[in-house]
Amino acid sequence: MANIRDVARMANVSIATVSRVINGSENVSEETRKKVLNAMKKLNYKPMMSFKTTSRELFKTIGILIPDIRGYHYSDIVMAIEEYAYSKGFDVMLALPKGEPDAEQHVLDQYFRRKVDGVILGELYGGSKLIQRFEKSGIPMVVIDFAVDEINFDTVNVDNIGGGYAAIKYLYEYGHRKILFIPGPENSPAALDREKGIRKFIDKVGKDNVEIYYGVHRGYNSEHGWVSVVRHLQEHGLNFTAIFAVNDWAAIGAMDALKEHGIKVPDQVSVIGFDDAPFSNYTNPRLTTVMQPRWEMGTTAAQLLIERITDKRARLPRNIILPTKIVERESVKQI
């Protein structure tokens, strides 16, 4: 079995240099780093964990960092990752930093110290700078549900821009010209991409042909939909014929607020959500929404990562964009 000395000998560098590469140090030239990583791959050398281990065999482990598993979105993704990983003989290690950058940094530091075989990252609120250490050390990584400017690793995303575009277009084709949009968090790339989809459609049809009002309370929870609708009605009255909510939870809150004000869905106001949550088929009326292929996202991410871990051949990074589609139910009416 190869050891750190074998790697240093093949790369023609010192053992200390190999150690710096393994630990993601900045004090290594890019040329040297590549030589060391190539030697590690050829020798199939895997550094030992930084803590003492027992004599048992170490399992292959995937570290998963996901904002949280409340609701259905990330829980479905994580279950798909775990199911595929288990079928390939991999354990998973799950962390939930709840969108806090300091917690994200701590989790990634722990994964790095424990020498996980690979990492799957969900939406990363602290930005891509947090993962540079993994890039430099050569630990395989897949980013899921998180847009990155420079693709240096495999990514799996839903076409959120296309989904936002499709939702507004759907309402427009049903005759709606005054639409209240309930936006998501400002630090959520997925939510911002859905807004980009709206702007893309407006640019196509022209600002004079459709008017979008923005809810005042950003977020993914039911309360954000409820508050946005209530405040808009208080300040402007019922000056819209449809609502597009950033996700189905916000859509549920919006529908509840409309009901409290005696406004019928879809007779007076149509509502469309985003996600195709498990409960969307059981609302009253049943919710029309944009479907995200959550299980496919998790399975694809796990597949890409395990291929990186087990196949030592060099490959260009892959950027997988999964399509969305409108699921038509009863909450949108032609006017």
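Points to keep in mind about this one:
- Ranking by accessible area, most exposed first, for 111, 214, 174 with a 1.4 Å probe: 214, 174, 111
- Acute angle (nearest 10 degrees) that the helix 160-173 long axis makes with the longest principal axis of the chain, alpha-carbon atoms: 10 degrees
- Cross-link reach list, aspartates and glutamates versus residue 264, counting only Cα pairs under 13 Å and skipping chain neighbours closer than eight places: 256, 330
- Helix-only [θ]222 nm of the chain, DSSP H runs n ≥ 4, -39500 (n - 2.57) each, per residue, nearest 500: -13000 deg cm²/dmol
- The percentage of C-alpha pairs in the chain whose separation is greater than 31 Å is 41%.
- Range of Cα positions in the range 166-224 per principal axis (Å), largest first: 29, 20, 17
- Spacing of the two label points (7 Å from each Cα toward its C-beta) at residue 311 and residue 330, in nm: 4.7 nm
- Rounded if a/c under 1.5, otherwise prolate or oblate - the range 193-299, Cα gyration tensor axes: oblate
- In order along the range 83-92, the phi-based Karplus estimate (6.51 cos²θ - 1.76 cosθ + 1.60, θ = phi - 60°) of 3J(HN,Hα) comes to 5, 5, 4, 4, 5, 9, x, 10, 8, 10 Hz; Gly and Pro are listed as x.
- Over all distinct Cα-Cα pairs of the range 248-335, the Kirkwood formula returns a hydrodynamic radius of 15.3 Å.
- 25 Å Cα-Cα threshold exceeded, pairs from 34/88; 196/259; 169/207; 200/325: 34/88; 196/259
- Distance in nm between pseudo-label sites at residue 211 and residue 235 (7 Å out along the Cβ direction from Cα): 1.5 nm
- Label point distance in nm, residue 19-residue 46, each placed 7 Å from Cα along Cα→Cβ: 2.3 nm
- Lys/Arg +1, Asp/Glu -1 at C-beta; the chain dipole; positive extreme among 305, 155, 143: 305
- Bridge orientation summary for the range 220-335: considering DSSP beta bridges with both residues in this region, about 30 percent are antiparallel.
- As a length-normalised measure over Cα pairs under 8 Å and 6 or more apart, the relative contact order of the chain settles at 18 percent.
- Spatially proximal aspartates and glutamates relative to residue 333 (Cα-Cα < 17 Å; intrachain offsets below 8 disregarded): 173, 267
- Modelled label reach - residue 321, point 7 Å along Cα→Cβ, the range 200-216 residues with backbone N closer than 16 Å: 200-201
- Note on residue 34 and residue 106: with the Förster distance fixed at 25 Å, the Cβ-Cβ geometry gives a FRET efficiency of about 0.30.
- Extension gain, residue 264 back to residue 12 (0.36 nm per residue minus Cα-Cα distance, nm): 83.3 nm
The values are calculated or read from the model by the stated rules, or taken from the named source; none is laboratory data. In this text, all values refer to a predicted model and were calculated from it rather than measured experimentally. Methodologically, a virtual Cβ is constructed for each residue, glycine included, from the backbone with ideal geometry; neighbour enumeration extends over all protein chains shown. For the accessible areas, the whole protein counts, side chains as well, though only heavy atoms, and no ligand, DNA or RNA atoms are used. Shrake-Rupley method; radii C 1.70, N 1.55, O 1.52, S 1.80 Å.
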